[in-house]
Amino acid sequence: MNTNARPLVASTLRRTIITALLALVWVAGEGQTTDTLRIGMEMKLQNVLGTNVFLMHKEATPMKGLPSDTASFHLYESRGILCALGKGDTDGTYFVSLDLNGDHDFTNDYRYIFTRKQVEEGRNFAPQRYGDIWVAPGIYVNGVARGNRTYTIPHPFDGLCPILSIHDFCTGEFIHDGKQYYICSAFNGTEFAILDSVPVNADELAEKVLDEKLLKNVKFPVMHDSLIIRFLDLNYASQQSLISITPLTEDNQPTYPYVGFRAPDFIAKDLRGKTIKLKEGYTLLDFWGSWCTPCIALVPHLVEIHEHYPDLNIISIANERDKTTMPKLKKLIGDHNMNWTHACELLNDSTNMANRYDVSSFPTTFIIDSSHNVVFRGRGSNDTAKLKKKLAEIFGE
């Protein structure tokens, strides 16, 4: 045996053993196995009539994957993504292609073909729009480009004047435990949804995911059919997404300070230094500050809520710049009859409850149920009506 190979073999063996041990620890910690799936995705196309183009016009130049006749297409750019639109290979057809992987090569990007008939059918359709990538084969279309400068761009494509919208999401399907599911992802990979069914029509799908607010930020998992589904990656070059699926149990329910998840551990002390514990039933957390005018405006509503729902636990956590504001804070609490539990933190403390609950503005309110799940999150005094509506729903009014 080659002695020079021994260190390499030993090193490889050590890495293999360590990887296996880490995998065992991970599985033991989760208590469940996780499946990882790679799913083929299809971008959804929608025809929309309009007059605004949110794309910068660029002079058409020869580029790989585009026609050699530069007069037969136009090139646009938005947020660094190039978009080509021009005449199709047959009469009455047009194409649009986006260089989604940013390599300035359209041969490895999908090309979407549409016809004048599709455009005519879309003339009277005015859906809720989602996204900011638009292409327009019109005669004259006013477009807002970078620097707030307005351009009027002529298009020579036979008087075709509607705007074609590349909708800001794509879809795929997968099967797990014998059931078929559908995944819908935002164009930029920042949001996704898991659906039991999807409309065939792209416009109806757009209305569904937008009107029902189904798209969730990808930093959070989606809990669906007792499954924890996480969005891991979206690759437009290969038109694929990557997700993980883990069975949901009481022990592994994800913890995030947002609706639908388990609330982060509550660690705080009241103004007397006594540890605060979440009681049985529902708890309203109020993050505020004595310096915050909107927070003070919310106080009368909290007093009203406290009197109306005696079974509701209220905890107000003041975030102060320094300890010198403590007398002012205590006076505010007394003057406004805020007769519930209070805690105080320093704004610049990275370990405080405000950071734990991802609070970036004040006031921010939470409702946590008896199982320590977040059932409401509101920000600012403008969400007061929503807070009261949720409480009425919880207490059956």
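Distances between placed amide hydrogens fall under 5 Å for Asn319 paired with Trp288, Gly289, Ser290, Glu345, all partners being 5 or more residues away or on another chain.
Apply the a/c threshold of 1.5 to the C-alpha gyration tensor of the range 207-340 and tell me whether it is rounded, prolate or oblate. Prolate, since a/c reaches 1.5 and a/b exceeds b/c. Taking all protein chains as they are arranged and a probe of 1.4 Å, the heavy atoms of Ser350 leave approximately 90 Å² accessible to solvent.
Remark: the range 178-284 carries 51 Å² of accessible area per residue (probe radius 1.4 Å; ligands, DNA and RNA excluded).
Going by the alpha-carbon gyration tensor, a ≥ b ≥ c the square roots of its eigenvalues, is the range 336-397 rounded (a/c under 1.5) or, if a/c is not under 1.5, prolate (a/b greater than b/c) versus oblate? Prolate is the answer for the range 336-397, as a/c is 1.5 or above and a/b outweighs b/c. Under the simplified labelling scheme, the Asp91-Lys386 pair shows an inter-label distance of 5.5 nm, with each label point 7 Å from Cα along Cα→Cβ. Note on Asp358 and Arg38: the extension gain reaches 112.1 nm, defined as 0.36 nm multiplied by sequence separation minus the Cα-Cα distance.
Annotation: amide H of Tyr282 within the under-5 Å range of Asn313, sequence separation 5 or more or interchain, hydrogens built in the peptide plane. A cut-off of 5 Å between modelled amide H atoms, ignoring neighbours fewer than 5 places along the same chain, links Phe169 with Lys44, Phe187. When we measure straight from the Cα of Lys328, which lysines land under 26 angstrom away, once same-chain ones fewer than 8 places off are left out? Lys328 reaches Lys269, Lys274, Lys277. Of the accessible area of the range 323-397, computed with a 1.4 Å probe over protein heavy atoms only, carbon and sulfur atoms account for 47 percent. Taking 0.36 nm per residue of separation and subtracting the current Cα-Cα distance, fully stretching the chain between Asp322 and Tyr182 would add 45.3 nm. Ligands, DNA and RNA are left out, and with a 1.4 angstrom probe the accessible area of the range 331-393 is 50 Å² per residue.
Multiplying the residue separation of Val303 and Asp369 by 0.36 nm and subtracting their alpha-carbon distance yields 21.8 nm. Applying the Karplus relation 6.51 cos²θ - 1.76 cosθ + 1.60 with θ = phi - 60° to the range 280-290 yields 3J(HN,Hα) values of 5, x, 8, 10, 9, 9, 10, 8, 8, x, 5 Hz, where x marks Gly and Pro. Across the protein chains, with a 1.4 Å probe defining accessible surface, the residues His74, His336 rank His336, His74 from largest area downward.
What percentage of the solvent-accessible surface of the range 188-296, computed with a 1.4 Å probe over protein heavy atoms, is contributed by carbon and sulfur atoms? C and S atoms contribute 48 percent here.
The values are calculated or read from the model by the stated rules, or taken from the named source; none is laboratory data. Computed from a predicted structure; not experimentally measured. Methodologically, a virtual Cβ is constructed for each residue, glycine included, from the backbone with ideal geometry; neighbour enumeration extends over all protein chains shown. Surface accessibility is based on the protein's heavy atoms, side chains included, excluding ligands, DNA and RNA. Shrake-Rupley method; radii C 1.70, N 1.55, O 1.52, S 1.80 Å.
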